[in-house]
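Structure, as structure tokens:
The values are calculated or read from the model by the stated rules, or taken from the named source; none is laboratory data. Only a predicted model underlies this, so the values are computations on that prediction, with no experimental measurement involved. Note: ideal-geometry Cβ built from the backbone for every residue, glycine included; neighbour counts use all protein chains shown.
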Amino acid sequence: MSQSSTETKQEKTPEKKFSEISVLKFGGTSVKNIARIQHVAEIVKERLKHGKVLVVVSAMGDTTDYLLKLAHQCAKTPDQRELDSLLSTGEHISITLLSMMLKTMDVSARSVTAYQLGIFTESVHNKARIIDIKTDSLAKAFETCDALVVAGFQGVTANGDITTLGRGGSDTTAVALAAAAGAKYCDIYTDVDGIYTSDPNKIPKARLLDRISYGEVVEMARLGAQVIHPRAVELARQYGVILRVRNTFKPNHEGTSIDGGEDMEIYRSISGVATDKDQACVTIMDVPDQPGIAARIVGGLAKKAIVVDMIMQAFHPTAGLNNITFTVASTDLPQTIKTLEELKTEMGAKAVHADEDIAKVSLVGAGMAGQPDVAARLFETLGAAKINIKMISSSEMKITCVVSRGQADKAAKLIHDAFELEKV
Ligand code: ADP
Ligand code: ASP
Ligand code: MG
């Protein structure tokens, strides 16, 4: 029976078929131009001294943004199947160029798309999850090469349609392949030294973390830290793959190791601040205060694969009506409004209101639970700077405040300073 790795169901770790394999992923900035592709090829060649190498690459630089722009010039709401097929071409270009470059360096390299390798996903466009990668097909692909260069971000459905995994999804491809191969590590090469306490391009004082737990990075990534795709970290945790986030331009630097980190709380209770400006807030006004209303709203959106977050309900005691407010990703806003407008009449609600002037600023840490002074200090910091908090949510590992988008960077910086995260 062939082993497989999947995002959609829990399975045991595959047998260690390729335990000597190195799995390396290079992001868009790392393969931005031919000089950088050459640099990546040199890193791959160096790794081949230790055994076979599986390389996952993203599209060159801003190619995915450029392709999206082209699609929107052709259609206001591009057909999702065609859009995924178009977006997948970005990664197709990178794998062929890197393989060609490796071959000129006498490396036995071979490029494969998700279709060729068999990275099977759900039949959902834009944010498909990986269902299956057969270890056998990986083994077969390696029979004829030492360096297998795989297109990130893309998948294929059982019907042969091309899908994409969501922006930043090449990280998830890499981890899924590392899991399928039974590799111990997956190295994510990017343009910074590793995971910092906040985005180092926005907060120069941010501190590089040499180690962080899966749970903390999942939160940071979900809450806007672009450095790694949250689903990649979830998958790594599920299959016990140790992630190393490293700098392509400093290949000997250790970077940040992401692992179980059970003992980390002893070292620090707060690990970072994340900002997400790609968020919007939606309010359904005057919905009757009846059982089942929230389920209809969230259920209706779930059918369109829209994730609803930070749900708040405000009650008007006299009228027996509620206002229900929640946040969604900005890219899901048009579809959210369309769906709610359809549900509005059916539910007897008065209006649907959208606020795009929002951003989430979140404090993340494994040791925050049970420390009430953390929340108090966070709110005091924003209050003292006259930054209005529009919504709040908290869980064991995070506190999120929704603020006006224009104030988000300032808020993150003030929070970083208030908690002295440069010293963690
Ligand atoms: P790639 O093209 O390699 O996938 P990304 O642009 O997706 O790279 O991610 C790297 C970027 O993530 C960095 O340049 C940095 O600006 C941003 N970033 C945001 N939060 C963090 C953080 N906490 N630590 C490190 N980088 C971060
Ligand atoms: N090229 C895709 C993007 O820009 C996927 C990735 O880079 O991980 O989002
Ligand atoms: Mg990325």
query: Is it true that some residue in region 325-340 is farther than 27 Å from THR275 by Cβ and without any contact (Cβ under 8 Å) to a residue 24 or more places away in the chain?
result: yes
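Conditions (1) more than 21 Å from the chain's Cα centre (by Cα); (2) surrounded by 14 or more Cβ atoms within 10 Å (Cβ to Cβ), marked per residue:
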residue	(1), (2)
THR327	no, yes
SER330	no, yes
LYS338	yes, no
LYS344	yes, yes
HIS353	yes, yes
LEU378	yes, yes
ILE387	yes, yes
- prompt: Does ALA349 satisfy the condition of being part of a loop (DSSP other than H, G, I, E, B) and at positive phi?
  reply: no
statement: The residue that is nearest to ligand 2 (Cβ to nearest atom), considering only those in region 75-98 that are polar (S, T, N, Q) and more than 14 Å from MET60 (Cα to Cα), is SER85
- request: Evaluate the following for LEU177: is it hydrophobic (A, V, I, L, M, F, W, C), within 13 Å of ligand 1 (Cβ to nearest atom) and buried (at least 22 other Cβ atoms within 10 Å of the Cβ)?
  value: no
field: Those strands (runs of 3 or more DSSP E) lying entirely in region 92-159 with at least 1 residues of a type in the set (D, E, K, R)
entry: 109-112, 130-134
- prompt: Can you tell me how many residues in region 45-76 are more than 16 Å from ligand 1 (Cβ to nearest atom), outside any loop (DSSP other than H, G, I, E, B), in contact (Cβ under 8 Å) with a residue 12 or more places away in the chain and surrounded by fewer than 23 Cβ atoms within 10 Å (Cβ to Cβ)?
  reply: 7
- prompt: Here are some residues: THR144, THR163, THR173. Which one is under 21 Å from PHE26 (Cα atoms) and more than 16 Å from ligand 3 (Cβ to nearest atom)?
  reply: THR163
field: Any hit, region 37-48, residues being over 25 Å from the mean Cα position of the chain (by Cα), modelled with pLDDT of 95 or more and within 16 Å of ligand 2 (Cβ to nearest atom)
entry: no
message: Condition first: touching a helix residue (DSSP H, G or I) at 6+ places or on another chain (Cβ under 9 Å) and closer than 17 Å to ARG222 by Cα. Now tell me which residues in region 364-395 satisfy that.
response: VAL364, GLY365, ALA366, ILE392, SER394, SER395
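The rows are residues; the columns are (1) part of a helix (DSSP H, G or I); (2) under 30 Å from GLY260 (Cβ atoms); (3) touching a strand residue (DSSP E or B) at 6+ places or on another chain (Cβ under 6 Å).
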| site | (1), (2), (3) |
| --- | --- |
| THR336 | yes, no, yes |
| LEU343 | yes, no, no |
| ILE389 | no, no, yes |
| SER394 | no, yes, no |
| ALA408 | yes, no, yes |
Residue match in region 122-134 (condition: surrounded by fewer than 24 Cβ atoms within 10 Å (Cβ to Cβ), in contact with a Ser or Thr (Cβ under 9 Å, 6 or more places away or on another chain) and of a type in the set (A, V, I, L, M)): yes
query: Can you find even one residue in region 193-202 that is modelled with pLDDT of 95 or more, more than 16 Å from ligand 2 (Cβ to nearest atom), under 16 Å from the mean Cα position of the chain (by Cα) and within 30 Å of GLN313 (Cβ to Cβ)?
result: no
